[in-house]
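Before any comments, here is the structure.
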Amino acid sequence: MEISTDKKIALKKILHWYANDKDHQQFLTLGGYAGTGKTTLIAILRKVLSSQNPKLKVAFAAFTGKAAQVLQTYLQSHELLRKGDSVGTIHSLIYSVIENEHHEIVGWKRKESLKADLIVIDEASMVDQKIWQDLLSYTVPILAVGDHGQLPPVTGQFNLMEKPEITLTEIHRQLVDNPIIKVSVMARKNGLIPVANYGGGVRKLSKNDPESQEIIDSYLQSYNPETLVLCGYNNTRIRLNNYLRTILGFESTEPQAGDRVICLRNKPQHGLFNGMIGTLQSIRSHDEYFYEVTIVLDDRATPFEGLVVKKQFGAASTLNFSRESRALTLKAELFDFAYALTVHKAQGSQATRVILFEERFKQMSDLDWRRWLYTGVTRAQEELIILGE
């Protein structure tokens, strides 16, 4: 595994922290932009630690199941996972199910202890304050690794990766010419991606060019599960969700079995977190306010079964705890369609193809805009189509 100068410095600092400082400094944050080799550094760290202490147990965890799978595949391909190591979502690491006498899941609870000498969190920029406090409660040393160029978590003001103690900025030489990495640097530094074809399925179209609408429509017409459609405004998201559901053959505006949906609110006791995406396996009307659903979630082994609020589907904003909504939001969960997402809601997601509609709020600072654009661009793994000025 190739290691750059900044990785060597970062590795030295991490090893020093773990050997000397972890007892009075429980966690260390490592930030790195897209393409700087955060996963490579995690793998090198595991190799060094195992050579120092073969019995050391590391719990690797990521916010999303897909990210956890990528990390596990990488570590396994380099034969770096050791006996006692684990790789999975943060949720599966620290929460366990509560079952009734019929072996039905009735809730989730935080585990009392973890069998790990070190926790390594990938995608730490996604971690909100509640999950972070739960992680810290185990008093196990934590290395939090994330992209400090991204937007903060969707809930609250907490931002674990706002000022990481160690940073990686040197882009891996094999990725310097990658068009997605190129435009991500433009977004992060300037907040401006010029209209152009960058090659490799990466292009930006002008929304002022009449042909652009036809091109974008052709991409939307070929929508599949490996496509992520992103925007800024909720009104745009609603229109796109309605259009994409029509393309996919859904005739009703109401949610149906097979619909892709997203969780809009944390409910740890039910094993649900803001931004979780899944597929409706079954749905029926419970009464005028609720659906009774089974949702197979991408980032959880067990489906969610329970009530969801009807009026949340297609709503312009997430229902709050106002007097008229309180009874609904306390009794049932909040889900909406997930074919098109705002960039804020898509922070933990990635897809082979991303279609990004540039939409900037008037109150956005230049820094917030750069983070928004960078976060949207870096959701793409292979193809990226941007429509904007």
#### Entry: Among 272, 80, 160: highest mean-square fluctuation, GNM of the chain, C-alpha pairs under 10 Å
80
### Task
Please calculate the 1.4 Å probe accessible area of residue 326, with all protein chains present, and give it to the nearest 10 Å².
120
### Task
With N set to the residue count of the stretch 200-263, report its C-alpha Rg divided by 2.2 N^0.38 Å to two decimal places.
1.23
### Summary
If each part is reduced to its alpha-carbon centroid, the stretch 130-194 and the stretch 212-245 end up apart, in Å, by 26
### Query
Could you list, bin by bin from short to long, the percent of Cα-Cα pairs of the stretch 56-154 in 5 Å steps?
2, 12, 21, 23, 18, 12, 7, 2, 1, 0
### Message
Using 0.36 nm times the number of residues separating residue 97 and residue 190, minus their current alpha carbon distance, what extension gain do you get?
### Response
28.9 nm
## Note on the structure
Heavy-atom accessible area with a 1.4 angstrom probe orders 173, 245, 371, most exposed first, as 173, 371, 245
### Spatial extent of the stretch 5-120: Rg and Dmax, with the Cα atoms as the point set, Å
16.1, 57
### Message
Once ligands and nucleic acids are excluded and a 1.4 Å probe is used, how much of residue 304 is accessible, expressed in Å² to the nearest 10?
### Response
10
#### Entry: Point-charge dipole on Cβ atoms (K/R +1, D/E -1) for the chain, about Cα centre, debye to 20
980
### Query
Along each of its three principal axes, how wide is the spread of alpha-carbon positions in the stretch 92-235, in whole angstrom units, largest first?
60, 43, 30
## Note on the structure
Quick shape summary for the chain, equivalent ellipsoid via Cα gyration tensor, semi-axes whole Å in descending order, reads 34, 29, 17
### Summary
Hydrodynamic calc, the stretch 178-235: Kirkwood Rh from Cα pairs, then Stokes-Einstein at 37 °C with viscosity 0.692 mPa s, so D in µm² s⁻¹ is 251
### Message
Students often get this wrong, so check it: of 130/267; 38/163; 66/331; 12/47, which have C-alpha atoms separated by over 19 Å?
### Response
66/331
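The values are calculated or read from the model by the stated rules, or taken from the named source; none is laboratory data. Keep in mind it's a predicted model, so treat the numbers as computed, not measured. So basically every Cβ, Gly included, is an ideal-geometry build from the backbone, and we count neighbours across all protein chains shown. Please note that ligands, DNA and RNA were not included when accessible areas were found on the heavy atoms of the full protein model with its side chains. Shrake-Rupley method; radii C 1.70, N 1.55, O 1.52, S 1.80 Å.
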